[in-house]
Amino acid sequence: MGEPSTARPRVAVLIAYTGDGGVEKMVNNLLRGFVDAGVTVDLLLLKARGGHVAGIPPEVNTHYLNARTSLLALPAVVRYLRRVRPDALLAAKDRAARVALRARRWAGVATRVVPRMGMHLSGSLADKSALRRWSRFRPVRRLYPEADAIVAVAGPVVDDLAAIGGIPRERFAVIANPTVTPELAARSREPVDHPWMGSGLGTERDRPVIVAVGRLKGQKDFPTLLRAFAALKRPARLIILGEGPDREALERLRGELGLTDSVDLPGFTDNPYAWMRAADLFVLSSRYEGSPNVLVEAMAVGTPVVATDCPSGPRVLLRGGELGPLVPVGDSDALAAAMDRVLAAPPDGEALKAAVADHTVAESSRRYLDTLLGRDAPPAGGC
């Protein structure tokens, strides 16, 4: 096998940018952290769609593979590994991990391969068929044991993946997402151009404003949020930021519930932080998550939060409900009651900010590099 370079560390990241989601934003933050740490960074893009492509740091060497499927990109990744021989390859999503691990086999190089698991895999497949679950679990069992280390975003994700793949817990490193950027606080103070928001925090309003952020798709369960909002005991307004395939269905449900004048879906924004800071409450209604970046961002600007107790991130971030209510997944009545409680008695915003201090880009990227380059043995998973 070839030997990794002993010069300036070189790290590659393999991922598909498929939309305006949290993973793509997280990877851009991580790339910036790697560059700032003096590492040479190659980005291997299986796909390049969505607004976050423009946010890739210019110092990164970007390779557009543009494969129709992840598997079809395998020869290109093999050629890259043989030609460049980076010290480490981070596979930022599950399908990318399968490609990365197979590519190293074929390339015959000593590059360290580290998959990142950002969601609770069993939770994400809970409503799928047995065949679908088997097809997703089988590569984990067959390929992930070959990884040099595995990054997980939360302890319950470690528990889940270790059980699925029969992987020893000491192979995992639990690392917080690089969510809190140096610019986040400043950007959160920018004015929001929306009639319900005025010019930002402290604007006089005749009713509170609730904000949610995420792809308009089933995982985020915005229908439950709409039903919960309809059941609130106090007048309020709801803004859901994001785009996705469920827009028409959500707009239809909004009309059926008589919420057309009090719920807005203005689309994607590259600065959700200002909306979060200007809001009276942030709500996460997801069916499953790993470590939800949007919840961290809302906490980082001190906005009160309510979240579903989905597998697995919200319970960890909110310390079992100490920092904000956790409600059962899909329970609109419980969600409405929690929203009413927090609007009536919001918690201390400074405590929320302090709770996500380890989610800074500098700290997260440092820990990623330690794991990628083998500078620290991965700690046992846990929180």
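The values are calculated or read from the model by the stated rules, or taken from the named source; none is laboratory data. For clarity, every value in this text was computed on a predicted model and none was experimentally measured. Because the Cβ atoms are built from the backbone with ideal geometry, glycine has one as well, and the counts that use them run over all protein chains shown.
Values as computed for the structure displayed
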read-out: Failed criterion for T181 (all others in (1) free of Cβ contacts under 8 Å to residues at least 24 places away in the same chain; (2) under 17 Å from M26 (Cα atoms) hold); value: (1)
read-out: Residue count, region 150-184 (criterion: charged (D, E, K, R) and under 15 Å from R116 (Cβ atoms)); value: 2
read-out: Positions within region 218-256 being assigned to a loop (DSSP other than H, G, I, E, B) and either within 24 Å of the chain's Cα centre (by Cα) or among the hydrophobic types (A, V, I, L, M, F, W, C) (or both), in sequence order; value: D221, A231, L232, A236, G242, E243, G244, P245, D246
read-out: Complete set of residues in region 252-291 that are free of Cβ contacts under 8 Å to residues at least 40 places away in the same chain and either of a type in the set (A, V, I, L, M, F, W, C) or within 16 Å of G21 (Cα to Cα) (or both); value: L253, L257, L259, V263, G267, T269
read-out: Positions within region 257-285 being part of a helix (DSSP H, G or I) and among the small types (G, A, S), in sequence order; value: A274, A278
read-out: Test set (1) modelled with pLDDT under 95; (2) in the same structural domain as D148 (by TED's automatic domain parsing) - S312 fails condition number; value: (2)
read-out: Any hit, region 310-327, residues being within 27 Å of R205 (Cβ to Cβ) and surrounded by fewer than 17 Cβ atoms within 10 Å (Cβ to Cβ); value: no
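Okay, residues lined up against (1) farther than 27 Å from G22 by Cα; (2) of a type outside the set (A, V, I, L, M); (3) within 23 Å of the chain's Cα centre (by Cα); (4) in a helix (DSSP H, G or I):
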residue	(1), (2), (3), (4)
T69	no, yes, yes, no
R95	no, yes, yes, yes
A100	no, no, yes, yes
A103	no, no, no, yes
W106	yes, yes, no, yes
